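> So that we are looking at the same thing, I have put the structure below in structure tokens.
Coordinate-derived values only; no laboratory data. The shown structure was predicted, so the numbers you read here are calculated from the model rather than taken from an experiment. Here Cβ is always computed from backbone atoms with ideal geometry, including for glycine, and neighbour counts include all displayed protein chains.
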Amino acid sequence: MSEQITNIAGYQFTTIDDVTKVFKNTREICSETHIKGNIFISPEGINLGLASTQSDIEYFLQNLDSLCGLNNLLLNTTYSDYIPFKRLLVKIRSELVPTKPLPSDHPSSSTTKPLLKNIDSVEQNAKYLSNDELKEWLDAGKDIILLDMRNEFEVNLGSFENATHLAIRNFRDIIQLESKINELPKDKPVVTFCTGGIRCEKGANILANNGFDQVFQLEGGIIKYIEKYKDQHWRGECFVFDDRVCLDSNLQPSDTKICRHCQIIISDTDNEYCEDCAHLA
């Protein structure tokens, strides 16, 4: 393909009663296009990151609406010279953003019991905050808690000025962080944010269901904000879940490479892994 590639990333929290039917319909739609990327379907909704020509993307979204009734996706759109995915993956998951404890026999399972309540609630108790409103608040120096809901390696690549984070390796870790979350002041507005909105939406509602009364989530996430305001109050790069790895404040791919296993930044001379993880190649 020689024309510009359209990349979409989006999600919709909604009850899907027949997950298998949506899965089959979605695969059929994609089979009629050159789309590549990832689509995750669960009883609580859909999450996707896809790339192809503009006509393919429009065809997909139109049919996702007509066949599956999914017409209220929160979408971010960026553009590239190539498709930043190697394949198409359509998969059924139990959760869009994992929060439930891992099975006890899983290698990464913790013996600590979950401490936060209502971790699987997607009830809309937190309010959306637009990028315009956040910019106004930051310009005015409003006293808020700007909470990055992403993994720690993503935070290290870039974040908003004066933002705080929970030092998590995976969003699932949030269920073990009752004491850390309770250290956040509950008398200030809390604004959660992430790359495209899905993690901060779930995170914001978890906070709202655990004693925080002034909880907001950045609508459209970081991508939507820097699309309009670039590096105003934003520093660094934004990790994305495709082969572009990181986008700069102009939403263009940077030269940053990270290890596929441990996510530390690696040099141009490294292939896909850092020296410590090279044995995994």
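> Within the stretch 157-170, track down each residue that is under 26 Å from Leu138 (Cα atoms) and polar (S, T, N, Q).
Ser159, Asn162, Thr164
> Among the residues of the stretch 47-90, how many are farther than 24 Å from Cys194 by Cα, exposed (fewer than 15 other Cβ atoms within 10 Å of the Cβ), touching a residue at least 12 places away in the same chain (Cβ under 8 Å) and not hydroxyl-bearing (Ser, Thr, Tyr)?
Number of matching residues: 4.
> What's the total number of residues in the stretch 140-173 that are among the charged types (D, E, K, R), in contact (Cβ under 8 Å) with a residue 60 or more places away in the chain and surrounded by fewer than 18 Cβ atoms within 10 Å (Cβ to Cβ)? Explain how you work it out, then say what you get.
Here is the first cut: in the stretch 140-173, the residues among the charged types (D, E, K, R) are 142-143, 148, 150, 152, 154, 161, 169, 172-173.
Cutting the leftovers down to in contact (Cβ under 8 Å) with a residue 60 or more places away in the chain gives us 150, 154, 161, 172.
Next, only the ones that are surrounded by fewer than 18 Cβ atoms within 10 Å (Cβ to Cβ) stay: 161.
So the count comes out to 1.
> Here is a further query. Could you list all residues from the stretch 31-50 that are among the hydrophobic types (A, V, I, L, M, F, W, C) and closer than 30 Å to Lys100 by Cα?
Within the stretch 31-50, Ile39, Phe40, Ile41, Ile46, Leu48, Leu50 meet the criteria.
> Could you run through the stretch 177-217 and say how many residues are part of a helix (DSSP H, G or I) and among the small types (Gly, Ala, Ser)?
Total meeting the criteria: 4.
> Related question: Which of the residues that make up the stretch 249-269 are out of contact with any helix residue (DSSP H, G or I) (no Cβ under 8 Å at 6 or more places or on another chain), closer than 17 Å to Phe153 by Cβ and surrounded by 12 or more Cβ atoms within 10 Å (Cβ to Cβ)?
Hits for the stretch 249-269 are Ser254, Lys257, Ile266.
> Looking only at the stretch 171-209, which residues are under 18 Å from Lys142 (Cβ atoms) and small (Gly, Ala, Ser)?
Matches in the stretch 171-209: Ala204 only.
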